[in-house]
Each structure stands twice: as C-alpha cells, then as structure tokens.
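J.: Take a look at the following structure, please.
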Amino acid sequence: MTKRILFLFILFLNLFGNAQTNQKNGLNEIVSNYIKKLQNQKTDNICVYKNYCVGCHLDFDADGNEICDDNQINPSIYIFYKKDRKTLLTKINYCWEFSEVIVSDDEFWKIYFSNQKKLEKEKFKEFEYYPYENFKEVKCTLLVDHSGVQSFKLIIKNKIIEKEFNSFQMKEKDDSGTFNINYKHNTNLKSKQLIDTLEKITSEAEKNNTFKKIKSR
C-alpha cells in the first residue's frame, strides 16, 4: 500500500509539472505567433505586459491544458502596439481570442522614449536589510516563495528591452517590520513608472469589460 501511494504521489508530481510546462510554453507560443504577425505587418513598436502570481492555482485537464473558466483568474498577457499613429491593445489567454481596442492614454511610450538610455540600464534590487542597526557593512537579502510578478518587454524595431520585478521587492517593510533598504531605489525607477502605467491601462480595461470575445481557442 505504501509503495502504491508513493507511486501515485510521484505520478501526480510529474503530471502537475508537465501541466505547468505545457501551460507556460503554450501561452508563450500564442504570444510569439501574435508578435510575428505584427512584425510581418511592419509593426515595430510592440509592448508585452504580464501581471501574474507565482504559485497561484490553475486547473488543467488530463492532457495538461488549462481548463478555461470565466470565473477563474487566468494569467492573461497584454500586447500593445502602434499602428497608423494609434496605440492598440489586445488580451491573450487560453480561453478566448479577443478583439483589439484603441488606447487613448498611451503615456508609457513617452516614458520610454524620453528616458530610453536610463531605463535600459535600470535594475530592480532585491529586498535587502541590515541585520544589525549599527553595522552597515553587512547586508542580507530577504526572499519569498510566492509573490506577484509584473514584467514588460518592449520590442522597438530590432531592439528588445525586458524588465521584471516581484511585489516583495517593492515593499518598504516586511510583516515583521524589517526595512527594505532598496525601497526608494526600486520605486523611483522609470521602469516602475512604466509598469504602473501599463497596469493602470489594463486593469481599467478589465474593470470596464473593454475586451470583447471573438471566439474560443
């Protein structure tokens, strides 16, 4: 009985691991194909935005495909791009193919092009702290297993710029009151300003049900 339980447990881990891999690779492939389609249409200003949770629960079928449920929060990916002097936005997930919408407030392009060199060199720092109040030569790093992650990838002609951070890096203090010495550095980055703008646009679009379903995948 013990061997059988162990076997079933290992089988479950393998299936779950394959499901996670298939889910990630499948969605990335959909996004990649969409970007290739835009590039074939001579679109050279593209922005891919993600806001997801590491370790969040998703449902999969026996083949490792995500089960689409409108009541389930899916890790959707958003694609912005410039066309005919307008910024368009679409949403990509496993469940549906969505229409494109016009974005009237596309401030994030200005943030990038006005701070291009600075933004490209920026780096988010981990949550660090001094373990001893009067001993500043030693720094320690705090990490968490699960946290929200935000990222963007800008494709400007042949150049690609990617930035990613987790929500724990943005905290001023942890639950025990430990101060993050990189808090001001991280929150003052132009990359953070750009991501905040992308989040504002996409969250308002979701709140207003802006994205219209074209067909199921």
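J.: Give the range 74-101 a look and list any residue that's on the phi < 0 side of the Ramachandran plot and open to solvent by 80 Å² or more (accessible area, probe 1.4 Å), or say none.
T.: Lys83, Lys86, Glu100
J.: Search the range 134-169 for residues being farther than 20 Å from Tyr49 by Cβ and either among the aliphatic types (A, V, I, L, M) or touching a Gly at 6+ places or on another chain (Cβ under 6 Å) (or both), and hand back the single one that is surrounded by the fewest Cβ atoms within 10 Å (Cβ to Cβ).
T.: The extreme case among them is Val138.
J.: Checking Lys117 against (1) part of a loop (DSSP other than H, G, I, E, B); (2) loosely packed, with under 12 Cβ neighbours inside 10 Å, which single condition isn't satisfied?
T.: (1)
J.: Report, by residue number, each residue of the range 117-169 that is more than 18 Å from the chain's Cα centre (by Cα) and basic (Lys, Arg).
T.: Lys117, Lys118, Lys121, Lys136, Lys139, Lys157, Lys159
J.: Another question about this same structure. Of everything in the range 102-112, what is modelled with pLDDT of 95 or more and either open to solvent by 90 Å² or more (accessible area, probe 1.4 Å) or closer than 17 Å to Lys215 by Cα (or both)? Give them in sequence order.
T.: Listed by number, the residues that qualify are Ile102, Lys110.
J.: Let me ask something else about it. List pairs: first in the range 111-124 and closer than 17 Å to Ser151 by Cα, second surrounded by 15 or more Cβ atoms within 10 Å (Cβ to Cβ) and aromatic (Phe, Trp, Tyr), Cβ under 9 Å, 6+ apart or cross-chain?
T.: Leu119/Tyr112; Phe124/Phe165
J.: Same structure again: Return the residues of the range 159-217 that are in a strand (DSSP E or B) and free of Cβ contacts under 8 Å to residues at least 40 places away in the same chain; say none if nothing qualifies.
T.: Lys159, Ile160, Glu162, Lys173, listed by residue number.
The values are calculated or read from the model by the stated rules, or taken from the named source; none is laboratory data. Predicted, not measured: the structure shown is a model, and the values here were computed from it. No Cβ is skipped: glycine too gets one built from the backbone with ideal geometry, and neighbour counts run over all protein chains shown. For accessibility, only protein heavy atoms count, side chains too; no ligands or nucleic acids. Shrake-Rupley method; radii C 1.70, N 1.55, O 1.52, S 1.80 Å.
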